[in-house]
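Asker: Take this structure first; my questions come after.
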């Protein structure tokens, strides 16, 4: 695994921990809701829903265009993400 993929996997793991503990992680960049809304549909952005399967299934609130990925399987999908796009993750 190359260095970029390792760093990306670590970053996703940190974000996953922040999401699952429901605590504000210091140093993890946040995007305001209005800014995210303005970016929806942009070809330069990938929006990934990393809620647990159970939370995702039970929710009526899903952001159109978001891709659902298993937060426990970051190693299997992190390397597939484009390095040329802004990656935004969201959770519960």
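Asker: Quickly work out the residue 33-to-residue 60 label distance, labels modelled 7 Å from Cα along the C-beta direction, and quote it in nm with one decimal.
Answerer: 1.7
Asker: Still on this structure, I have one more. What order do you get for 47, 89, 40, 81 when you list them from fewest to most C-beta neighbours inside 10 Å? Working shown, then result.
Answerer: Values: 47 19, 89 22, 40 13, 81 16.
Taking fewest neighbouring Cβ atoms as first place, the list is 40, 81, 47, 89.
Asker: Also, quick follow-up: What FRET efficiency would be calculated for the residue pair residue 42, residue 76, taking the C-beta separation as r and a Förster radius of 30 Å, to the nearest 0.05? Please list the in-between numbers first.
Answerer: Numbers: r = 26 Å, r/R0 = 0.85.
According to the calculation, E is roughly 0.70.
Asker: Listing 69, 51 from the residue with the fewest other Cβ atoms within 10 Å to the one with the most, what is the order? Kindly include the intermediate steps, with their values, before the conclusion.
Answerer: Values: 69 19, 51 22.
The most exposed by this proxy come first: 69, 51.
Readers should treat all values here as calculations from the given coordinates under stated rules, not as data from a laboratory. These numbers were taken from a predicted model, which means no experiment stands behind them. Note: ideal-geometry Cβ built from the backbone for every residue, glycine included; neighbour counts use all protein chains shown.
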